[in-house]
Structures are given as C-alpha cells and as structure tokens.
1. Yes or no: segment 115-127 includes at least one residue that is more than 26 Å from the chain's Cα centre (by Cα) and either modelled with pLDDT of 90 or more or small (Gly, Ala, Ser) (or both).
2. Which of the residues spanning segment 374-404 are among the hydrophobic types (A, V, I, L, M, F, W, C), within 23 Å of HIS349 (Cβ to Cβ) and more than 15 Å from the ligand (Cβ to nearest atom)?
3. State whether the residues of segment 279-294 include one that is within 12 Å of the ligand (Cβ to nearest atom) and either more than 26 Å from the chain's Cα centre (by Cα) or not in a loop (DSSP other than H, G, I, E, B) (or both).
4. Would you confirm, using the coordinates I've provided, whether LEU363 is more than 21 Å from the chain's Cα centre (by Cα), over 22 Å from VAL224 (Cβ atoms) and either assigned by TED's automatic domain parsing to the domain that holds GLY229 or within 14 Å of the ligand (Cβ to nearest atom) (or both)?
5. For segment 425-441, state whether one or more residues are within 28 Å of the chain's Cα centre (by Cα), within 16 Å of the ligand (Cβ to nearest atom) and under 21 Å from ARG252 (Cβ atoms).
6. Quick check: anything in segment 74-82 surrounded by 15 or more Cβ atoms within 10 Å (Cβ to Cβ), part of a helix (DSSP H, G or I) and of a type outside the set (Phe, Trp, Tyr)?
7. Does any residue of segment 321-335 turn out to be in a loop (DSSP other than H, G, I, E, B) and within 6 Å of the ligand (Cβ to nearest atom)?
Amino acid sequence: MDFLPVFLNIKNQPCLVVGGGEIAARKVGLLLRAGARVAVVSPLLNDALTELRAAGKIQHRAAHFQESDLAGTALAIAATDDIAVNQLISESAKQRSIPVNVVDQPELCSFILPSIIDRSPVIAAISTGGTSPVLARLLRARLETLIPASYGRLAELAARFRDPVKQRFENTTQRRRFWEKILQGPVAEMVYNGRDDEADIAIQAAVEGASSTDALERGEVYLVGAGPGDPDLLTFRALRLMQQADVVLYDRLVTPEILDLVRREAERIYVGKKRAYHTLRQEEINQELVRLARQGKRVLRLKGGDPFIFGRGGEEIETLAEEGIQFQIVPGITAASGCASYAGIPLTHRDYAQSVVFVTGHLKDGSMDLNWVNLAQPQQTVVIYMGLAGLDILCRELINHGMPTDRPIALIQQGTTPHQRVIIGTLETLPGIVATTEVHAPTLLIVGEVVRLRDKLAWFETGNGH
Ligand code: SAH
C-alpha cells in the first residue's frame, strides 16, 4: 500500500489553494463542501471563484504565492500550471509539516485526493495512487450505479437508532444480525422510496417488540419495468431490486441478457402468456404474486418495457393493494422510446409531429377497436404496440380515415436488441412487404412523417437489417 487512506476533519480549518483556474475552483468547491475556511492565492480568478469571493465564501489574495501564505494553514493545494511554483509550495509545506497536494504531480504530494462517491454521511473514496485518475473515475462510475442515491439517509437512520439498538441487544452478534436485516431489507427499501417515517416506525417496533420482527420479514412485490431488451436500458433501481429478489416472475418480453442480471439464487418462474389464455393467466399471476409475498419473499415481477404501458401493471397492483401486500413500481423505458431511439426515428419533431399517441393494435374478435378519426389527425405520430397481426386492417383503416397512402410506416422488430431490424414502407406497401418477409416478435409500428428522418439519423444503428 503506497498511501494510507484517511478522512480528514477540516471543518472551520483554514485551508490554502494556490491558483485561480478551473481546477483550483474545483478543489475549492471540494474543500468548502467539507466545511473548510478557504483562502485562495492567485493574481487572477476565474468566474466561478470570482462569484465565490463576491458571495463571501472564500478569502482572496491577488498575488503570487509567498511562503508566508502557509502560516496557520491546515492543508494546502497547489493548482497552478507553473512547475517551479508548485515545487516551491510543496517544499515549503512539507518543511512546515502541512499536508500538501499538487495537482497532477503525485511526486510532489504528501497526500492525494481520491475520486469520491458522496452519499453523506457515507463517502466512498477510490484511489489509484495517482497512477490513473481515469481508471479511478471509471471505477467510481460503476460503484455509483450500485449505491442508491438515498444511502446517506439510511446511514442517518442507523445513527438515530444506534443507542436504542445497543440497549436492546447486548450481544454484538445479535446486534450485527439486526442491522444486517434493517440495512438490506424492506426497511432500507422504505428509505430509498422516501418512506422514512414508515421506516422509523418499523425499526421502533422491532426494537420494542421483544420477539416481533414482523415488519422486517414481510414479503414485498417489486413491479419492475425491464425496458425493451437492451440490458443497458435498465434503471439503477431496477437492477438493484433484481439483485435482491428471492423469486422472479418474468414474461416473454424479458430478454435472456436481462434475466442474467437477476440474483443467481433467485427462483425463476416463467409466466409468458399465450394470447388466447390472457384473462385466466393474468388472474393466476396476480394470485401467485400474493401467495409468494405472503411467504415473506421479495418477489420481483419483471415486465418488458414500462409496467404501466400496455403491461397490465395496474391490475397486478390492484390485487396486491386489496390483499394488503407492500409493493413498489419501477418505471422502465417503453418500447416506443427504445425502438424509436435505436431506429433513428424521433417521435416528435418541430416540423412534422407535435403529438404522439401510443395505441394497442391487439385484435378482439378479428377487429381493431380504435378511434380512427383521432389517429388519422395530421402532424401526429402513431405508435402501435401488438399491431403485427392486425397490420392489414390498421393500414386500411388509416387510409380510409384520411391518411395519405404514401404516409411512411416503420416496423421495428426486436428493437434495441442485437436482432433489431427495421422495415420501412408506406401504408399502402408495408402489408405486402411484411407478408413476404420473415418477421419475429416482438414488433412495433410507427406511423408518421418522422419515419423519413431515419435516413438522416440512423447512422449509429448497430442492428443488421434496414
Ligand atoms: N409494457 C411494454 C409493452 C407490452 S405490450 C412496454 O412498455 O414496452 C407488448 C408489445 O410491446 C409487443 O407486442 C410489441 O409491440 C411491443 N414491444 C415490446 N418490446 C419490444 C421490442 N424490443 N421491439 C419491438 N416491439 C416491442
């Protein structure tokens, strides 16, 4: 180990920054966040530092560095682009045993500043010993995704209950078990969801009620949108819940790559529906969610796209609410957004479409019950989910209700996945093209002048078809 990691308390301590540019400003910002009294020495200040000076947040001496600037200072940072000056600051500080950091010159430093993840009071610091700041930043980005934004509030909660828990459990093992349960179970989830009051009540109850840890062991359902297919399009929250589930119920739209990210030990239950058995199966899924949650499990209901867009998410939570089961809903990127972006088709555009509508083209008794007059309005993009089987009817009705026959329409197959394929036609030609092409589900249809923009915008497409 080349450096000893420590966290310094510099609250109200005088700290010196030499330099007036952007990097100096960044270091000043960091010191201020840690509560230091900052003095800046530099002939000139950039805008950010000038503002801080005007607001009385920093002291400033408009001159070049002198050794006397170090008098009484607790810590010094050199951020000038003059190597000789940096050297002088380093030597003078070291002589006075003042910790000194020289930006980008590790050999002149007595301490280095790590890359940090700030969830105050929780702080994670990463250092590569000055060898590669970029590597530290990359690592930091990875950790950022794993640590929920409200981790700090979880730590504050732990602080509030530290003493009561100490009194309640004399044995340290018991205490550790208790905190493990709190910090990764439903109570933590309450905090992440802004239900801090509920979390307080749950801990309180667990501390007081000698044997009852009910609230900590209650099952819960996570209704999570998995996005359209590319695992990169998952939200941080979706990923976190996927990694702590005991059991996952998923359907056809969830790709294997996404399923791979679910906790390895979690039981996997496939509930993909066949169209004809829709109603019955949905009832069964609702009941299954309740049954599993009642067993105290963390149940992940993973759905393609967004659970509230043609996902029957509403029905599932209705049952949960009726049965008094705790649940969370995590939005996902819906197929329309995902497919449109990856196919280079903007859903709205100042010149071509001021509105966009999402409809389901699901056939009922061989027909499509849609408000055709509304859909055929000009300057509007129409996105059709589940529209492949009814493509002929769809194109015919839109033409019958006034859309021009040459209105472009795109069919996007398995959007955002490596198998994405985009087929472009018009209302008149697409049904014929699709009839002679092998098309794989799922597919999404986009109707509108915006489809023409694809030629200009789709340069980044990675899929193999056009
Ligand atoms: N809740 C989902 C939609 C469920 S309905 C969402 O928000 O995206 C199922 C329909 O979604 C499919 O028939 C298809 O029309 C569309 N769909 C979902 N994922 C898709 C994908 N990767 N590519 C194309 N269409 C998709």
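The values are calculated or read from the model by the stated rules, or taken from the named source; none is laboratory data. Model, not experiment: these values are computed from the prediction. Positions of Cβ are backbone-derived with ideal geometry, glycine not excepted, and every protein chain shown enters the neighbour counts.
1. Checking segment 115-127: not a single residue is more than 26 Å from the chain's Cα centre (by Cα) and either modelled with pLDDT of 90 or more or small (Gly, Ala, Ser) (or both).
2. LEU375, ALA376, CYS395, LEU398, ILE399, MET403
3. Scanning segment 279-294, I find no residue that is within 12 Å of the ligand (Cβ to nearest atom) and either more than 26 Å from the chain's Cα centre (by Cα) or not in a loop (DSSP other than H, G, I, E, B) (or both), so the answer is no.
4. Spelling it out, LEU363 is indeed more than 21 Å from the chain's Cα centre (by Cα), over 22 Å from VAL224 (Cβ atoms) and either assigned by TED's automatic domain parsing to the domain that holds GLY229 or within 14 Å of the ligand (Cβ to nearest atom) (or both).
5. Yes - at least one qualifying residue is present in segment 425-441.
6. No: zero hits.
7. Scanning segment 321-335, I find at least one residue that is in a loop (DSSP other than H, G, I, E, B) and within 6 Å of the ligand (Cβ to nearest atom), so the answer is yes.
Each row is one residue, and each column tells you yes or no for (1) surrounded by fewer than 17 Cβ atoms within 10 Å (Cβ to Cβ); (2) at pLDDT 95 or above.
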residue: ALA226; (1), (2): no, yes
residue: ASP230; (1), (2): no, yes
residue: LEU234; (1), (2): no, yes
residue: LEU241; (1), (2): no, no
residue: VAL247; (1), (2): no, yes
residue: LEU253; (1), (2): no, no
residue: ARG264; (1), (2): yes, no
